[in-house]
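First comes the structure, then the notes that go with it.
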Amino acid sequence: MFSYHTGLRTYIVASRTISVLIRNASQLNLIETDLHKNIAKLWFKVIEQLDKDQEKELQRELEEHTWVGEYLNTENLIDYSQD
């Protein structure tokens, strides 16, 4: 889950088990688990591609909403047969 808190000027990166307030990618070391750190890294790579106006627009969107995503990899996908 991803959100933004304007008063604290931080992104909120969360899962079922943790929530971390991070201002930028240099604070990723605050995240203890590799899985959560990798997901947050991906998030900040997306943010780094935005220009300042796009980032401000994203922050406004996240101030009022929380984006929810699912981390998918080969370990949590079920392979169904054609039968």
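The values are calculated or read from the model by the stated rules, or taken from the named source; none is laboratory data. Small disclaimer: the values here were computed from a predicted structure and weren't measured. Quick reminder, even Gly has a Cβ in these numbers, built from the backbone with ideal geometry, and neighbours come from all protein chains shown.
Among residues belonging to region 1-23 that are under 17 Å from residue 58 (Cβ atoms) and hydroxyl-bearing (Ser, Thr, Tyr), point out the one that is surrounded by the most Cβ atoms within 10 Å (Cβ to Cβ).
This residue is 11.
Where residues in region 3-26 are outside any helix (DSSP H, G or I) and of a type in the set (A, V, I, L, M), which of them is farthest from residue 71 (Cα to Cα)?
Looking at the filtered set, the residue picked out is 8.
Quick check on my filter: what residues within region 45-83 are loosely packed, with under 10 Cβ neighbours inside 10 Å and of a type in the set (Val, Ile, Thr)?
Scanning region 45-83 gives 68, 74, 78.
Among the numbered criteria (1) under 17 Å from residue 4 (Cβ atoms); (2) touching a residue at least 12 places away in the same chain (Cβ under 8 Å), which one does residue 71 miss?
Result: residue 71 fails condition (1) only.
Listed residues 38, 29; which is polar (S, T, N, Q), free of Cβ contacts under 8 Å to residues at least 24 places away in the same chain, in a helix (DSSP H, G or I) and surrounded by 11 or more Cβ atoms within 10 Å (Cβ to Cβ)? Before you say what the answer is, go through the steps one by one.
Details: 29 fails: surrounded by 11 or more Cβ atoms within 10 Å (Cβ to Cβ).
Selected residue: 38, the only one of 38, 29 that is polar (S, T, N, Q), free of Cβ contacts under 8 Å to residues at least 24 places away in the same chain, in a helix (DSSP H, G or I) and surrounded by 11 or more Cβ atoms within 10 Å (Cβ to Cβ).
So which of 47, 78 ends up being at pLDDT below 85 and not aromatic (Phe, Trp, Tyr)?
Details: 47 fails: at pLDDT below 85.
Matching residue, one of 47, 78: 78.
Within region 37-82, track down each residue that is in contact with a Phe, Trp or Tyr (Cβ under 6 Å, 6 or more places away or on another chain) and of a type in the set (D, E, K, R).
Across region 37-82, the qualifying residue is only 63.
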